[in-house]
1. Which order, highest average first, do 169-179, 190-200 follow once you tally other Cβ atoms within 10 Å for each residue and take the mean per peptide?
2. Can you tally the net charge around Val190? Count Lys and Arg as +1, Asp and Glu as -1, for every other residue whose Cβ sits under 13 Å from the Cβ of Val190.
3. Set the bar at 25 Å for Cα to Cα. Now go through Lys11/Lys67; Lys110/Lys151; Lys110/Lys280; Lys117/Lys280; Lys38/Lys67; Lys11/Lys151 and name every pair that lies beyond it.
4. Springs between alpha-carbon pairs under 10 angstrom, Gaussian network model over the chain: which of Glu187, Glu42, Glu138 fluctuates most?
5. Rounded to a whole number of µm²/s, how large is the Stokes-Einstein D of the chain at 25 °C and 0.890 mPa s, given Rh as the Kirkwood radius over C-alpha pairs?
6. Taking H placed 1.01 Å from N in the peptide plane, check which residues at least 5 places from Val122 or on another chain put their amide H under 5 Å from its amide H.
7. Mean-square fluctuation check for the chain, GNM, Cα pairs under 10 Å: which of Pro157, Pro59, Pro97 is largest?
8. Determine the relative contact order of the chain: mean sequence separation of Cα pairs under 8 Å and six or more apart, normalised by residue count, in whole percent.
Amino acid sequence: MDVGQLRYFSKIVEHRSFTKAAEDCLVSQPALSQQIGKLERELGQPLFERQGRTIRLTPAGQLLHNKAEQILFLVEDAKRRITDDGETGQICIGAVPTVAPYMLPIVLRKVGDQFPKASMVVSEDSSEVLMKRVSNGEVDLGFLTMPAKSKYLKVEPLFEEPLYLAVPANHRLAEIPEVRIEDFNEEPFVFLGDTHCLTDSIESFCNGKSFQPIGTTRIEQLITVQNLVAMGHGLSFVPAMATRQNVDGRVVYRKIKGEQPTRTVAVCWNPYRFQGQLQKNFIESVREFCEGYDFASSFEEVAAG
């Protein structure tokens, strides 16, 4: 049994497919299958039940999977500690879907360029999944929005961002620069699903204003929300950074008169796990960049247009 075989095995479990695991590992499927066969012969037990295109772990496979994850983490942890020069290595970055496509390109371009010898691995997950992956060490740092509570994570606010009312360009409210809640309290709304932290921010604002939006649709992608608004299916609240995707001018964004709804974008990491100097340097660079970069004004310029 060697580390390479355990990596192949772990990837098969992750993808539930020999073909996809081979593609991920950059090897041919026969070569991967051969290594798994050697591993099964060495252990004297089958690791997978193969039923057509479906594969499942056997009891022996389940036991090995639990141990393999621990072994692979320890190997990577040892490599980090030994080769910790603060410049080389890998940084695993995660973000929630309402932040990833808008903020990560900016951060990776502005901050990532400071670490030319490091490789960046980027993933996108819901808040719950992202915090779990940061907790168990799969992701070094995650970008999400408040509130985000986990006793094993350090969550640090980066900046506050306004939310705008998204309306179709031909809607009566499109002609009003700042709208009041009473202007749209009987309009239908298109929202993201409950798993999105943006939904929590919107509900918190509405509850504080004793306003209960008429939600007609629940969607999983913010761009889909914007397209449905453009088609006249309802209004929505959209974060400033997402207004850059203005759906070919078919959606306009309006401020709420009085207290503007906002959300707080934050970064999280696990302070109880080993952090290499590279990860520490990257977090510090993100912190410094966000302190000096006016996200709100940058995004508002687009929304105001």
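1. Descending packing order for the listed peptides: 190-200, 169-179.
2. Local charge sum for Val190: -1.
3. Lys110/Lys151; Lys11/Lys151
4. Per the Cα network of the chain with a 10 Å cutoff, Glu42 tops the list.
5. Answer, rounded: 112 µm²/s.
6. Ile93
7. Result for the chain, Cα springs under 10 Å: Pro59 fluctuates most.
8. Relative contact order for the chain comes out at 21 percent.
Values in this text are rule-based calculations from the coordinates and carry no lab data. All values reported here derive from a predicted model rather than from experimental measurement. Positions of Cβ are generated from backbone atoms using ideal geometry, with glycine treated the same way; all protein chains shown enter the neighbour counts.
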